[in-house]
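I have placed the structure first, in the form of structure tokens, so that the comments after it can refer back to it.
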């Protein structure tokens, strides 16, 4: 069984529609795929329709932009009720932060002599829930300024680069609680791939597990083999489950093809058990989150 628990569609910063992503997952030989667009659940319905009757198991999720100890971190929320009002309010705030920094980013690029407008960025962002740095990168590609997203980020859009503008991120610990209140579970995405590494040490994982964190994304293209081994040891010591994922963005991210990293079926079983328990607890509180998929594997 091949399981990929972290992918993106055009509703955030991927290049496939949700239906196209499901079709691509089937073509890639996946049995289970999770749609985890940044800060939005807008692609869930389309992906669910596309997966129905295909034999593909679809998990619904959201990759939430967070902050922890001053660093940006990403939290994969699996199975929360997307209509839970406190979650809706927090995601709206994060999405507004994405949209609000667009004018400042464009202004900085124009100050560098690049002829780009906010309308150029919106032209390429299409039906995304919010415009973000990847869409700015796509506009720079379209305008012939750079050859790909990596070049755009390396030259202009990463922290410390001349067009980088900071934005709002949800506080990590309260967001873990918020996801649980909405009937979902939380897994830290690629924790050692970015500047968050210096704040996410073994002690931090122990603290976060005590706050309700369910797992850690260990097998990811941005983690070196020695990082994966160390994260797996931390997960074993803290009782966190381990996932593996592609972080697929279609043509928007090189070397992150569907299924390039996968999750062990035993770890998926643990994740599903946690999702069912969280959903049941939410129902007891009067919520009705999405039904967790039920299936068997050999």
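What follows draws every value from the coordinates through simple rules; no lab data is involved. Since the structure is predicted, the reported quantities are computational estimates derived from the model, not experimental observations. So basically every Cβ, Gly included, is an ideal-geometry build from the backbone, and we count neighbours across all protein chains shown.
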For Cα pairs less than 8 Å apart in space and 6+ apart in sequence, what is the mean separation divided by the residue count of the chain, i.e. the relative contact order in percent?
23 percent
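Can you compute the FRET efficiency between residue 224 and residue 273 using 1/(1 + (r/R0)^6), with r the Cβ-Cβ distance and R0 = 25 Å? Round to the nearest 0.05.
Efficiency, rounded to the nearest 0.05: 0.25.
So what is the relative contact order for the range 102-157, in percent, with contacts set as C-alpha pairs under 8 Å and at least six apart?
Values: 45 pairs, mean separation 14.9, N = 56.
RCO, the range 102-157: 27 percent.
Can you tell me the length gained on complete extension of the stretch residue 202 to residue 161, counting 0.36 nm per residue apart and subtracting the Cα distance? Please list the in-between numbers first.
Values: separation 41, 0.36 × 41 = 14.76 nm, distance 2.99 nm.
Working it through step by step, the gained length comes to 11.8 nm.
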Restricting the count to DSSP beta bridges whose residues both fall in the chain, what percent are antiparallel, rounded to a multiple of 5?
40 percent
Quick one: if you stick a label point 7 Å off each Cα along the C-beta vector at residue 71 and residue 107, how many nm between them?
3.1 nm
Nearest-ten-degree value, helix 225-238 long axis tilted from longest Cα axis of the chain:
40 degrees
If I stretch the segment between residue 150 and residue 210 completely, what's the gain in nm (0.36 nm per residue apart, minus their alpha carbon distance), one decimal?
18.0 nm
In nm, the gap between the two label points placed 7 Å beyond Cα toward Cβ at residue 266 and residue 254 is 3.7 nm
Against the longest alpha carbon principal axis of the chain, how many degrees, from 0 to 90 and to the nearest 10, is the axis of helix 265-284 turned?
90 degrees
Ranked list, fewest to most other Cβ atoms within 10 Å of each Cβ, for 278, 147, 186, 17:
147, 17, 278, 186
How far is helix 18-27 tilted off the main Cα axis of the chain, in degrees rounded to 10, range 0 to 90?
60 degrees
Ranked by how many other beta carbons lie within 10 Å on average, peptides 179-185, 22-28 from highest:
179-185, 22-28
Residue 171 and residue 52 label points (each 7 Å along its Cα→Cβ direction) are spaced in nm at 4.1 nm
